[in-house]
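The values are calculated or read from the model by the stated rules, or taken from the named source; none is laboratory data. Quick caveat, the model's predicted, so the values are computed rather than measured. Here the Cβ is made from the backbone with ideal geometry for all residues, glycine too, and neighbour counts use every protein chain on show. Accessible surface is based on the protein model in full, side chains and every heavy atom, while ligands, DNA and RNA are left aside. Shrake-Rupley method; radii C 1.70, N 1.55, O 1.52, S 1.80 Å.
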Amino acid sequence: MNEATPNKDLSRRGFLEITFGWLAATFAVAASAIASVRFLVPNVLYEPSLLFKAGKPDDFPEKSVTFMEDERVFLVRQGNTFRCLSAVCTHLGCTVNRTEKGYHCPCHGSLFDDQGKVESGPAPHPLPWFLVTLSKDNRLLVDKSQTVLADKYLVV
Amino acid sequence: MSAPLPKRLWQKFERSRVGRSIFRVGLPESNLERSQAMVSSFLLHMQPAKVNRHSLRASYSFGLGLISLYLFLILVGTGVLLMFYYVPSTERAYDTMKDLEFVVSAGLLMRNMHRWAAHLMVLFVLLHLCRVFYTGAYKRPREFNWVLGVGLFLLTLALSFTGYLLPWDQLAFWAITVGTSIASYAPYIGPKLRYLMLGGNVVGQEALIRFYALHVFVLPAVAGLMVAIHLWRVRKDGGLSHPNEPGDVVEQVDLGQLPTNKTYGLMELARGTTLQVGQNPDDEVFSWPHLVFRELLLFLIVMAVVLFLAIFWNAPLEEFANPIHPPNPAKAPWYFLGLQELVSYSAFWGGVVVPGLLVTALLLLPYIDRKRQGVGRWFARERRVAITIFTVCLLAAIAFTVIGTYFRGPNWGWQEPWKRPPPAAEGH
């Protein structure tokens, strides 16, 4: 065993040293990097709830579109049906303004029709509709975490 | 004939015990002392003792890199002062801006200087980049210094972006909203990247403190370090590029072959092109006073211009951030309006793909364009192809910026600047 190993060949000891040395160094660097990046991802958010009460159905006149500022949504009432449209442009997040025929984004000019569909401009998707339900105390309950199709209404 | 009084007083101080303990070499009187003054002083030693006449020619470099460095230093100085008042809180940030404007002594001046120096820095780093391109100064052995320079250009933009968010005015709020939304279009990592940048899903306190930490520490520290390496490489790569470069002189010393009966100083083992190689000593002058005085003069000019701007023009401050309504039109500062014009066609193509390709092309440029012709001359004929491509890209960037700045009105609609803006058509 001893006599056959020339100097230049890697000894078992050298092999283990190099292997574990590099493994340890790689692990140390990778672990530090992962821990640092993970540190920057918050685990708790202090953000407003995506679920909110919009008010009593009768607060909204028939055939009306109401902009709700704090929530950045439009509450659309037609007869006794209720829907809720996002006012956040799907392009880069500006608040769209209501026009006679639909919605217009001031930042880069995306134009949406009254169903939220993109008519022109850089917006890649239509404005989403959010789920509207009725709470137990008879208030409109909007869930901004759940989108629905444009033809889904809450009938009161 | 005796020297003027200030000089005599200075010399008296310099020869005193205290003076000699501070300055290793006094005001130089001989060529030897001129060299020693450069080599033995901490602030001067990063520069050579002698410098090529060509490098001093203002019409070659226009001092653009140095101007950028001076602006950076002015920004650090005024920025540190602003930090004594500014509070990175969504509730108080805007009030501290108003305090700086109306209450703090010289607060308005410092804020104005900071803002205008930042605008100028973006401009001059860009001009410096163009100068290095048009004189072919990124070619071997300076490829990596070009890469560092591109990095510094991007850092300059990042510093500007994180900076104008801090006042928490309308510009700040909607710039974060739009900027982080552009990031979310990046393939695969986009939405996560936005979450990481904002520290959440909505633009608020968490986002402000993140951009503040980046702006006042992380980015300036990285930029400062990279500036140091950038300047170091200018020296090590043979000083400023000039037309009579010796070509590829790479002295590689094999330590094993050195004669053992000689003692070598470390200098003699240095690798690569040094300032001295292949140069006529007649082309060189002593850095003290020729280089040092020019540098001081340039600093005075830069400072004077920044002060002039800061005294006569106030830095913009829009209304307090309103998360409900963006201003109409919501415009970024001039250096991002080309990008804003591009994203108004498509956020993915204009905000991610085109800028990504441009940056990649800039980074790879010295490794693609490898012919060592036309180094050290403006617009060398041999480099027609490269110069044409670069110029077309540059003109396109300028065109988009001009359109975004002057030809876009409410709702980012087309509007000739000579026509009066119509009253806001769409109510809030």
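Report the gain in length on full extension from B:PHE348 to B:ILE311: 0.36 nm times residue separation, minus Cα-Cα distance, nm rounded to one decimal. Display every interim value, and only then the final one.
Numbers: separation 37, 0.36 × 37 = 13.32 nm, distance 4.08 nm.
Here the answer is 9.2 nm.
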Centre separation in Å (Cα based) which lies between segment B:374-391 and segment A:11-42 = 46
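First compute the accessible area of the protein assembly as shown with a 1.4 Å probe, then give the percent of it belonging to carbon and sulfur atoms.
Values: 21810 of 33820 Å².
About 64 percent, which is the carbon plus sulfur part of the accessible surface.
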Could you tell me the distance between the Cα centroids of segment B:222-242 and segment B:50-90, to the nearest Å?
-> 15
Local electrostatic count at B:PRO167 - Lys and Arg +1, Asp and Glu -1, tallied over other residues with Cβ under 14 Å | -3
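Mean Kyte-Doolittle of at least 0.0 plus a Cα span of 24 Å or more along the axis: flag which DSSP H helices in chain B meet both, please. Let's see the in-between values first.
Details: long enough: B:64-83 (28 Å, 2.42); B:107-134 (40 Å, 0.98); B:143-164 (32 Å, 1.31); B:219-236 (25 Å, 0.93); B:287-312 (36 Å, 2.10); B:384-406 (32 Å, 1.93).
Those that clear 24 Å and a mean of 0.0 are B:64-83, B:107-134, B:143-164, B:219-236, B:287-312, B:384-406.
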Just the Cα atoms of chain B, one point each, no solvent: what log10 I(q)/I(0) does Debye give at q = 0.07 Å⁻¹?
-> -0.45
Give me the accessible area per residue for the protein assembly as shown, probe 1.4 Å, as a whole number in Å².
-> 58
Computed Rg/Rh for the protein assembly as shown (Cα atoms; Rh = Kirkwood radius) stands at 1.07
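Return the FRET efficiency for the residue pair B:LEU394, B:VAL39: r is the Cβ-Cβ distance, R0 is 51 Å, and the value is rounded to the nearest 0.05. Let's see the in-between values first.
Values: r = 40 Å, r/R0 = 0.78.
Here the calculated transfer efficiency is 0.80.
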Note to self: C-alpha centroids of segment A:79-156 and segment B:336-352 sit apart, in Å, by 24
Normalised Cα Rg of segment A:51-155, dividing by 2.2 N^0.38 Å with N its residue count, works out at 1.03
How would A:GLU69, B:GLU318, A:GLU17 rank on accessible area, largest to smallest, probe 1.4 Å?
-> A:GLU17, A:GLU69, B:GLU318
What FRET efficiency would be calculated for the residue pair B:ALA58, A:ASP143, taking the C-beta separation as r and a Förster radius of 56 Å, to the nearest 0.05?
-> 0.30
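Report the FRET efficiency, 1/(1 + (r/R0)^6), for B:SER21 and A:ARG38, where r is their Cβ-Cβ distance and R0 is 45 Å, rounded to 0.05.
Details: r = 51 Å, r/R0 = 1.14.
Efficiency for this residue pair is about 0.30.
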Any idea how far apart A:ASP113 and B:LEU363 come out in nm if each label point goes 7 Å out from Cα toward Cβ?
-> 4.4
Eligible lysines near B:LYS139 by straight Cα distance, threshold 16 Å, same-chain separation 8 or greater = B:LYS236, B:LYS371
Return one number: the angle in degrees, 0 to 90 and rounded to the nearest 10, between the long axis of the Cα atoms of helix A:12-40 and the longest principal axis of the Cα atoms of chain A.
-> 20
If each of A:THR66 and B:LEU127 carries a label point 7 Å out from its Cα toward its Cβ, how far apart are those two points in nm?
-> 5.7
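Using the structure shown, select from A:LYS56/B:LYS98; A:LYS63/B:LYS192; B:LYS192/B:LYS331; A:LYS53/B:LYS192 the pairs with a Cα to Cα distance greater than 31 angstrom. Display every interim value, and only then the final one.
Numbers: A:LYS56/B:LYS98 41 Å; A:LYS63/B:LYS192 40 Å; B:LYS192/B:LYS331 26 Å; A:LYS53/B:LYS192 29 Å.
From A:LYS56/B:LYS98; A:LYS63/B:LYS192; B:LYS192/B:LYS331; A:LYS53/B:LYS192, over 31 Å: A:LYS56/B:LYS98; A:LYS63/B:LYS192.
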Rough spin-label spacing in nm, given labels placed 7 Å along Cα→Cβ, for B:ILE403 and A:TYR46 = 4.4
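Gain in length, B:ALA228 to B:ASP283, computed as 0.36 nm per residue apart minus the alpha-carbon separation, to one decimal in nm? Could you put the intermediate results ahead of the total?
On the way: separation 55, 0.36 × 55 = 19.80 nm, distance 2.69 nm.
My answer for the length gained is 17.1 nm.
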Sorted on mean Cβ neighbours within 10 Å (highest first), peptides B:406-419, B:211-224 come out as B:211-224, B:406-419
Taking springs between alpha-carbon atoms closer than 10 angstrom, which of B:PRO326, B:PRO88, B:PRO167 fluctuates most in the Gaussian network model of chain B?
-> B:PRO326
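Counting other Cβ atoms within 10 Å, which trypsin sites (Lys or Arg not before Pro) in segment B:364-397 have at most 10 and lie in a DSSP loop?
Numbers: sites: B:ARG370, B:LYS371, B:ARG372, B:ARG377, B:ARG381, B:ARG383, B:ARG384; in loops: B:ARG370, B:LYS371, B:ARG372, B:ARG377.
Within segment B:364-397, the qualifying trypsin sites (Lys or Arg not before Pro) (loop, at most 10 other Cβ atoms within 10 Å) are B:ARG370.
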Only Cα pairs under 8 Å and at least 6 apart count here; give the relative contact order of segment A:51-155 as a rounded whole percent.
-> 26
